[in-house]
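This report refers to the structure that appears directly beneath it.
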């Protein structure tokens, strides 16, 4: 098989999902085996969009175990928002997690194949400043597929206690340290990529 080298946050995210997922599960005392997890890499729900837009951006990953849902953002030590002890999560990123959690709680398999019914019966809270996309749109199709797979996959109930907002922070311990502070809704999981990389390139 050919060697594939990647650079930056996206490559580190994919590398960690392939080889470091057990660390995430262990931190949350999740007993699911890695091979039994469902992983969506960089699922997109349109560009961030403005007020009254249905679009709310792109996660770096979404992982479903048999016990929990993990909504994942990724940063690394070369990021401009990294300030040693803290790393800033932009407002639109935090909002993305809140909006998708609302979808996860309100979606039910009884709506499968009938997005229009879901749109008519559910009203996304005004505080989010977002709308539900029209039936047949690419965003609606992406949402329906991912929500259906997640709800079908996890054995847990869709409530707040089973959703984890995760910030994967990639750092090279020879030159940096992971932050300890960020938006309070996120759990920081530091992953040292230093010994696995060459000049910031990672073998994925």
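Quick note: the coordinates plus some simple rules give every number you see, no bench work behind them. Just so it is clear, the structure is predicted and the values come from calculations on it, not from any experiment. For neighbour counting, all protein chains shown are included, and Cβ atoms are generated from backbone atoms with ideal geometry for every residue, glycine included.
Quick notes
- With Cα atoms, 0 to 90° folded angle of helix 91-106 axis to the chain main axis: 50
- Put a dot 7 Å past the Cα of residue 181, heading toward its Cβ, do the same for residue 109, and the two dots end up 4.5 nm apart.
- Once the Cα-Cα distance is subtracted from the 0.36 nm per residue extended length, the residue 5 to residue 78 segment shows a gain of 24.5 nm.
- With a cut-off of 15 Å on the backbone N, the residues of the range 113-137 near the modelled label site 7 Å out from residue 102 along Cα-Cβ are 119-134.
- In this simple spin-label approximation, residue 161 and residue 196 carry label points 7 Å from Cα along the Cα→Cβ vector, and these lie 3.3 nm apart.
- Against the main long axis of the alpha-carbon atoms of the chain, helix 138-153 sits at an angle near 80°.
- DSSP beta bridge pairing in the chain, given as percent antiparallel to the nearest 5: 50
- DSSP finds beta bridges in the range 85-204, and of those with both partners inside it, around 20 percent are antiparallel.
- The range 20-59 and the range 85-158: distance between their alpha carbon centers, rounded to Å: 12
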